[in-house]
1. Restricting attention to the stretch 4-19, which residues are within 13 Å of the chain's Cα centre (by Cα) and under 16 Å from K86 (Cβ atoms)?
2. Among the residues of the stretch 64-83, are any open to solvent by less than 30 Å² (accessible area, probe 1.4 Å), of a type in the set (S, T, N, Q), over 28 Å from S115 (Cα atoms) and at pLDDT 95 or above?
3. So which strands (runs of 3 or more DSSP E) stay within the stretch 14-115 end to end and still have 3 or more residues that are touching a helix residue (DSSP H, G or I) at 6+ places or on another chain (Cβ under 8 Å)?
4. Among the residues of the stretch 95-110 satisfying the criterion of being crowded, with 19+ Cβ neighbours inside 10 Å and more than 7 Å from E6 (Cα to Cα), which is nearest to the chain's Cα centre (by Cα)?
5. Going through the stretch 33-51 one residue at a time, which ones are in contact with a Lys or Arg (Cβ under 9 Å, 6 or more places away or on another chain), surrounded by 15 or more Cβ atoms within 10 Å (Cβ to Cβ) and of a type outside the set (F, W, Y)?
6. Residue check: is G65 of a type in the set (G, A, S) and over 17 Å from C22 (Cα atoms)?
7. Among the numbered conditions (1) at pLDDT 95 or above; (2) closer than 20 Å to R100 by Cα; (3) open to solvent by 20 Å² or more (accessible area, probe 1.4 Å), tell me where L54 comes up short.
8. Within the stretch 15-30, work out how many residues are more than 20 Å from E88 (Cα to Cα), buried (at least 21 other Cβ atoms within 10 Å of the Cβ) and either in contact with a Leu (Cβ under 6 Å, 6 or more places away or on another chain) or hydroxyl-bearing (S, T, Y) (or both).
Amino acid sequence: QVQVVESGGGLVQAGGSLRLSCAASGRIFGINGMNWFRQAPGKEREFVASASSLGTRNYADSIKGRFTISRDNAKNTVYLQMNSLKPEDTGVYYCNLFMRSVYYWGQGTQVTVSS
């Protein structure tokens, strides 16, 4: 069994910052991709950022320059530092891990940015 748990969401004013964390536990045997997605109310889930085991980092255009993804392989944890938050960043943020050809999802953490 693999468990994926996100934390760090909350309510913040526009222009503020939050740092999300996502920890994997259980039967971990080398995680390839560690990714963040988000889903705004009434919209489909969308890609936010990814961090590969080889050090590659990719970002959605909407958050480039404001968000930074990082990972701690020793802790099986991925982070998302979010700065200069905007109301349109509001949504549920999901962590996604790719390991041995299987995707594992967390339950999500709510981020609300007030104007």
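The values are calculated or read from the model by the stated rules, or taken from the named source; none is laboratory data. Owing to the predicted nature of the structure, the values given are computational and were not obtained by experimental measurement. Please note: Cβ atoms are built from the backbone with ideal geometry, for glycine as well, and neighbour counts cover all protein chains shown. These accessible areas exclude ligands, DNA and RNA; they are computed on the full protein's heavy atoms, side chains included. Shrake-Rupley method; radii C 1.70, N 1.55, O 1.52, S 1.80 Å.
1. Pass one, the stretch 4-19, residues within 13 Å of the chain's Cα centre (by Cα): 4-9, 18-19.
Passing the criteria: G9, L18.
2. yes
3. Working: elements: 18-26, 33-39, 46-52, 57-59, 67-72, 77-82, 91-99, 102-105, 109-114.
Once the strands (runs of 3 or more DSSP E) in the stretch 14-115 are filtered for at least 3 residues that are touching a helix residue (DSSP H, G or I) at 6+ places or on another chain (Cβ under 8 Å), what remains is 109-114.
4. Across the stretch 95-110, the extreme among qualifying residues is N96.
5. M34, R38, R45, V48, A49, S50, A51
6. Working: of a type in the set (G, A, S): yes; over 17 Å from C22 (Cα atoms): yes.
For G65, the condition - of a type in the set (G, A, S) and over 17 Å from C22 (Cα atoms) - is met.
7. Of (1) at pLDDT 95 or above; (2) closer than 20 Å to R100 by Cα; (3) open to solvent by 20 Å² or more (accessible area, probe 1.4 Å), only one is false for L54: (1).
8. Going residue by residue through the stretch 15-30, those that are more than 20 Å from E88 (Cα to Cα) are 21-30.
Imposing the further condition that a residue be buried (at least 21 other Cβ atoms within 10 Å of the Cβ) reduces the set to 22, 24.
Now drop any that are not either in contact with a Leu (Cβ under 6 Å, 6 or more places away or on another chain) or hydroxyl-bearing (S, T, Y) (or both), which leaves 24.
Qualifying residue count, the stretch 15-30: 1.
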